[in-house]
Structures are given as structure tokens and as C-alpha cells.
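Below is one structure, written out as C-alpha cells, with a few remarks after it.
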Amino acid sequence: MKRRDALTAVSAGIAAASGCLGGGTACNPGADEIASLPSDFGTPQDGGWRIGETSYAVRGTVVKHLGLGVLVSDGSGQKLELIARYADEQINQDVIEIGDCVEAEAPLALNSSARNRMPVMAVTADSFSKIGETDGDVQEVPDAPYVNGEPVSYNSYDESNPVAEGTVGVRYEGSDERAPTARNLFVLHGERADPWHELADEVSADQSVPDGSLATFPRPADNEAGLLWKAPDRTWARQFGGVGFAERR
């Protein structure tokens with residue numbers, strides 16, 4: 001398969017699949033195991049798109065399509081998201097299918113990695129390719145839960161607010177059918193990432209987070225918070241939109 005077939009121009013849409021190498025590939029990890037990639041991503045910085053200076057050589061099996069990218073596993077205990085580096089391209093999900101063995105040598109997308117607390121690699125047509133179909137079964141990967149819109153923030157100084165002064169809260173708004181388990185939904189505030197059941201009253205660790213559930217915590221110094229879902233096996237994650245808290249008027 002030509003390398004450029006793995007990525008396609010956004011304006012052209014997703015192209016039809018083309019011929020590639022045969023199946024039965026032993027998809028062993030590349031020179032860099034995914035679990036060995038940096039995990040201390042810090043805080044996303046202003047300026048949007050940032051690309052790391054170090055390139056990593058990885059190989060693994062595509063286990064899920066994610067938006068414009070794919071989720072890859074090499075069996076090392078951590079998964080990796082691959083996305084196109086340039087805004088006018090996207091990974092061709094008709095060519096790169098679940099169960100395919102792919103390889104890439106590219107740097108990390110630093111802000112995306114920091115936001116989702118997992119490695120996200122930014123690839124180009126010259127640094128990413130499909131090398132065949134993985135030999136063996138592909139383990140099913142669960143969907144991230146659906147969240148209907150942004151969590152609701154509360155101004156702790158509003159008289160009608162249900163939280164105490166000095167405290168803020170986020171309310172989960174989502175589908176009951178695909179609600180996350182409380183132990184898998186984390187509130188990001190300040191330097192902390194606390195599971196939902198530790199911040200919300202009457203919600204147990206193994207319970208699905210009920211629609212309307214409120215998690216409260218001390219007001220962060222930066223007046224911001226976010227929601228992060230971690231897969232049950234903790235090998236990948238997805239952050240939902242953040243919220244800001246108004247200063248006292």
C-alpha cells in the first residue's frame with residue numbers, strides 16, 4: 001500500500017480502500033513500546049498545537065477508530081492515539097481498519113497528550129503506514145461514554161447555588177445508557193484528578209454516574225476544572241470539555 005493512502009485530505013473525504021500487504025502479520029511492538037512513551041505531560045499550554053522534539057518508533061494493532069484518528073495497542077499495557085499532524089489531513093479509516101497492524105515514527109502532539117493524559121502521536125503520510133493485518137483476535141475496546149454537552153459550573157457566591165462558599169462543583173449531564181462508572185470518571189482540578197465517587201454524595205465507585213449528579217470540591221486557584229474518563233483497564237483516556245468558575249463580583 002502506498003503510504004499516502006493511509007492519510008487523506010479532509011476536503012476530499014475518506015477515500016476507498018486500496019490494496020495492501022497480506023494478512024497474518026505478527027504485530028510485535030516497535031523499537032519503542034507504547035508503555036515506554038512519556039507519561040508526564042504536564043498541563044496543556046496556550047498556543048494550541050504543539051509537537052514534541054523527539055520522535056518515537058512504534059508498531060501496534062488498531063483496536064478502535066477515534067474521531068479523526070485511531071487507537072493502537074502493542075500489548076505493553078498502554079494504548080496510543082494516532083492523529084494526522086496537519087489540519088488538512090485525517091487518517092483514512094477506510095484504509096486503516098480495526099485489526100490492522102500499523103507502524104509510525106513521529107513525535108507526540110504535546111497538548112493533545114496532556115489534555116487526555118495519554119500519548120497522542122502526530123503522524124504524516126511519510127511517517128505512518130499499514131503493514132498488514134494482525135495475526136490473531138483483536139480484543140474489543142469499549143466506547144468512551146457519551147456526554148451531552150458540557151458539565152455545568154456553579155458560581156459559589158450565588159445565593160441560589162447549592163454549594164458552600166469556597167467550593168465549586170460540576171454536574172454530570174449525559175445519557176443514562178452510556179453513563180460512565182463513577183470510578184472511571186475523574187474531576188481534574190488544580191493538580192488533582194479525583195474519581196467522581198469521592199466528590200459526589202451518594203454515588204458509589206461501581207455505580208453508573210446518574211444524570212444530574214453533582215461533584216463538589218475546593219475552588220481551584222486557576223478557577224478551572226475538567227472531566228476525564230479512563231478506560232476500565234486504564235490503558236487509554238478521553239477528556240471532556242472543561243469549565244471555568246466566575247470570580248466573586
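What to note about this one:
- When restricted to residues that are assigned to a strand (DSSP E or B) and surrounded by 14 or more Cβ atoms within 10 Å (Cβ to Cβ), segment 152-166 contains 1.
- Checklist (1) assigned to a strand (DSSP E or B); (2) touching a Gly at 6+ places or on another chain (Cβ under 6 Å) applied to Ile131, failing item: (2)
- Residue satisfying all of: in segment 130-139; open to solvent by 10 Å² or more (accessible area, probe 1.4 Å) and touching a residue at least 24 places away in the same chain (Cβ under 8 Å); nearest to Thr181 (Cα to Cα) among these: Gln139
- Segment 179-210: number of residues that are hydrophobic (A, V, I, L, M, F, W, C), within 22 Å of the chain's Cα centre (by Cα) and within 19 Å of Ala225 (Cα to Cα): 8
- Test set (1) within 26 Å of Leu227 (Cα to Cα); (2) part of a loop (DSSP other than H, G, I, E, B); (3) touching a Ser or Thr at 6+ places or on another chain (Cβ under 8 Å); (4) of a type in the set (A, V, I, L, M, F, W, C) - Val63 fails condition number: (2)
- Check on Thr216, open to solvent by less than 60 Å² (accessible area, probe 1.4 Å) and over 30 Å from Gln139 (Cα atoms): yes
- Checked against (1) under 24 Å from Gln78 (Cβ atoms); (2) modelled with pLDDT of 90 or more; (3) open to solvent by 60 Å² or more (accessible area, probe 1.4 Å), Thr181 passes all but a single condition, namely (3).
- Evaluating Ile51 against the criteria (1) closer than 25 Å to Asn28 by Cα; (2) open to solvent by 20 Å² or more (accessible area, probe 1.4 Å); (3) among the hydrophobic types (A, V, I, L, M, F, W, C) leaves one unmet condition, (1).
- Top-ranked residue in segment 58-79 [being out of contact with any Lys or Arg (no Cβ under 8 Å at 6 or more places or on another chain) and of a type in the set (S, T, N, Q); ranked as nearest to Thr235 (Cα to Cα)]: Gln78
The values are calculated or read from the model by the stated rules, or taken from the named source; none is laboratory data. All figures in this text were calculated on a predicted structure; none of them were measured in a lab. A quick note on method: Cβ atoms are made from the backbone with ideal geometry, for glycine too, and the neighbour counts reach across all protein chains shown. In case anyone asks, the SASA skips ligands and DNA or RNA and just uses the protein heavy atoms, side chains included. Shrake-Rupley method; radii C 1.70, N 1.55, O 1.52, S 1.80 Å.
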